[in-house]
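Colleague: Here it is, the structure in full.
Just so you know, all these numbers are worked out from the coordinates, no wet-lab data involved. Only a predicted model underlies this, so the values are computations on that prediction, with no experimental measurement involved. Note that each Cβ is placed from the backbone with ideal geometry, even for glycine, and that neighbours are counted across all protein chains shown.
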Amino acid sequence: MVDALERAAVFGLYGWLLWRIVSADTLEFGSFQLISEGMIVVFTLIRRPAVAISHRLGDWFLAFAGTSLPLLVTGGLGEGHLPIRIVTVVWLLGFVTQVAAKLWLGRNFGLVAARRELVAGGPYRYVRHPMYLGYLLTHLAVAGMNPSAINLILYTICWMCQVPRLMAEERLLGEDEMYQKYREQVRWRLVPGVW
């Protein structure tokens with residue numbers, strides 16, 4: 001039941017994203033987002049069953065808010081105050097990081113804090129949550145390209161949800177002895193050398 005609810009949320013969010021991109025006629029820029037987020041739909045369909053999944057309502061709220069708030073951001077390649085080359089490099093680095101993390105995670109993907117098979121290779125060798133790192137970089141780049149008040153508010157609220165969401169995942173994963181060992185080997189949660 002819980003798994004079906006999470007799958008329904010993923011399909012709903014992707015459908016909403018697809019509708020927004022097509023109706024706004026931003027397919028040339030939005031196609032990258034559709035590919036990246038489409039991977040989530042595919043991996044949600046073929047994923048492994050969870051050994052444990054959070055039943056805390058707050059964890060579900062954080063997962064849903066952290067996932068859906070960035071979908072409300074407006075604009076594509078706008079005219080920000082930062083040099084477009086720098087913003088593009090940051091965006092590409094974020095995009096590649098999140099796609100690599102999704103590919104490496106593969107059938108172990110989940111929207112809500114859950115325990116499946118431990119993934120410790122690829123980008124997970126450097127930080128424990130590389131997908132969030134990729135999102136952080138792309139969010140910073142998009143905010144730099146489209147520095148509207150609404151975008152900055154949305155991203156701020158998003159990350160006020162993402163950090164506790166990450167901590168909820170750490171709490172649940174930390175119940176596993178293998179994850180405890182992995183956490184000792186990979187010190188950084190999100191940003192290497194910082195946190």
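Colleague: For the stretch 109-159 and the stretch 1-70, what is the separation of their C-alpha centers, rounded to whole Å?
Modeller: Answer, in whole Å: 13.
Colleague: Taking 7 Å along the Cα-to-C-beta vector as the label spot, tell me the Val163-Arg107 distance in nanometres, rounded to one decimal.
Modeller: 3.6 nm
Colleague: Take Ala100, project a point 7 Å from its Cα along the Cβ direction, then tell me which residues of the stretch 162-195 have their backbone nitrogen under 19 Å from it.
Modeller: 186-195
Colleague: For Ile46 and Leu140, calculate 0.36 nm times their separation in residues minus their Cα-Cα distance, and state this gained length in nm to one decimal.
Modeller: Numbers: separation 94, 0.36 × 94 = 33.84 nm, distance 3.08 nm.
Residue separation times 0.36 nm, minus the Cα-Cα distance, leaves 30.8 nm.
Colleague: Could you tally the net charge around Ala101, taking each other residue with its Cβ under 12 Å from the Cβ of Ala101, Lys/Arg +1 and Asp/Glu -1? Numbers along the way, then the final one.
Modeller: On the way: positive: Lys102, Arg125, Arg128; negative: none.
Residues close to Ala101 contribute a combined charge of +3.
Colleague: Connecting C-alpha atoms closer than 10 Å in a GNM of the chain, tell me which of Glu170, Glu117, Glu184 has the biggest fluctuation.
Modeller: Judging by the Gaussian network model, the answer is Glu184.
Colleague: Once Lys and Arg get +1 and Asp and Glu get -1 on their Cβ, which of Ala24, Ala65, Trp195 lies farthest toward the positive end of the dipole of the chain?
Modeller: Trp195
Colleague: Separate question: Before anything else, pin down the relative contact order of the chain: Cα pairs under 8 Å, at least 6 apart, normalised by residue count, whole percent. Spell out each step's value before the answer.
Modeller: Working: 231 pairs, mean separation 54.9, N = 195.
Here the relative contact order equals 28 percent.
Colleague: Return the calculated 222 nm mean residue ellipticity for the chain, to the nearest 500 deg cm²/dmol, obtained by summing -39500 (n - 2.57) across DSSP H runs with n ≥ 4 and dividing by the residue count. Don't jump to the answer; show the numbers that get you there.
Modeller: Working: 7 runs with 126 residues, N = 195.
Mean residue ellipticity, 222 nm, calculated: -22000 deg cm²/dmol.
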